[in-house]
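Below is one structure, written out as structure tokens; comments come after it.
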């Protein structure tokens, strides 16, 4: 794996409030809302830390109020001081790892004037990491809304990678683990999506395609190309997806583009929706979802001549994911009523069911060793990431903590 320099952004939010949680802009009190004191002349001060980039400081940080009271806080956690008397306080962030530094002053003054106080600390870190033992995924409203995050394969040490404060989704990790392709609305005023590329630590963002409703799919095995779906043909000017991951926007087709943004090629041309392209490990085929025959099936596209093969037939397959050795394809299907995870041979034979839940189990992704399958499920109320044995569906493990929805997980190589 390529060693990368990492940048970690720690946003330290400090609020004088009466116990309100500040996990992001959507949960902050409205501008001008008074912070009611807990009693005459006393207040509650909450400190929230959000760390992005890799690697996050595993020991977290220390927040000290007025040089007297100190509390430990994790890389993505919060602490509350209460009761607090007086309107002016000194707040210090310390315990920063030796390879990190605080941008600006590490000690700042918080003045409580009847509205909430807000301070932000940025921490820059450099280090080495291996993306292969990590999972990249989308988290809804974990900090700033829909963003790309990474965590260890056991669900620990989640770190935010995108910092654009816009919607970002559909991450795809390069074969060498050094880069991530993803879709984002960026700064588009109409909420349309474009294909972006960033380093695996969240740095070096660049836009590859115009804003026209794009969905990142997967990389070619040699890392030279990225397959993606585009709704630029009759698009609605803003994608929307139901809980099963189906688009309600315009007509989507499959494309491929070089990782440097050149040589874009259109691969499909059909009135139906063509989505979720997945490149085969041998580089010869792209599997994708399409409803060109009514309901969604998985088709196999041979790149040498454009020949198509329906692998599932009669609306029984969606969201394909290749096993590392290319012999099997995991997919989502509603053939038994609800969304569950299945596996079949690459020619469509030997179908076996891995999950059986009244909830929605979607978006499968293989581990690098082929032993486990990652998927999203709302079986506990909101979408979270789970893993099971790829052979028989045993050993179910929940990987995300449920504080925010987690979807579209992809295992690193």
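The values are calculated or read from the model by the stated rules, or taken from the named source; none is laboratory data. Just so it is clear, the model here is predicted, and its values are computed rather than measured. Methodologically, a virtual Cβ is constructed for each residue, glycine included, from the backbone with ideal geometry; neighbour enumeration extends over all protein chains shown.
The single residue among 369, 361, 380 that is modelled with pLDDT of 95 or more and in the same structural domain as residue 138 (by TED's automatic domain parsing) turns out to be 361. With a requirement of 3 or more residues that are surrounded by 14 or more Cβ atoms within 10 Å (Cβ to Cβ), the strands (runs of 3 or more DSSP E) lying completely within segment 302-413 that satisfy it span 318-322, 328-333, 340-345, 361-366, 372-377, 384-389, 405-411. Scan segment 125-141 and give yes if some residue there is assigned to a strand (DSSP E or B), at negative phi, surrounded by fewer than 21 Cβ atoms within 10 Å (Cβ to Cβ) and at pLDDT 80 or above, otherwise no. Checked against the condition, which is being assigned to a strand (DSSP E or B), at negative phi, surrounded by fewer than 21 Cβ atoms within 10 Å (Cβ to Cβ) and at pLDDT 80 or above, segment 125-141 yields at least one hit. Filter segment 218-237 for residues that are assigned to a loop (DSSP other than H, G, I, E, B) and crowded, with 17+ Cβ neighbours inside 10 Å; which is modelled with the lowest pLDDT? Of everything passing the filter in segment 218-237, 235 is modelled with the lowest pLDDT. Looking across segment 197-217 at every residue that is closer than 14 Å to residue 257 by Cα and either under 14 Å from the mean Cα position of the chain (by Cα) or not assigned by TED's automatic domain parsing to the domain that holds residue 183 (or both), the one that is surrounded by the most Cβ atoms within 10 Å (Cβ to Cβ) is identified as 216. Quick check, is residue 113 in contact with a strand residue (DSSP E or B) (Cβ under 7 Å, 6 or more places away or on another chain), at pLDDT below 70 and farther than 30 Å from residue 372 by Cα? Spelling it out, it is not the case that residue 113 is in contact with a strand residue (DSSP E or B) (Cβ under 7 Å, 6 or more places away or on another chain), at pLDDT below 70 and farther than 30 Å from residue 372 by Cα.
Mind checking which residues of segment 181-196 are over 20 Å from residue 136 (Cα atoms) and surrounded by 21 or more Cβ atoms within 10 Å (Cβ to Cβ)?
Answer for segment 181-196, where residues must be over 20 Å from residue 136 (Cα atoms) and surrounded by 21 or more Cβ atoms within 10 Å (Cβ to Cβ): just 192.
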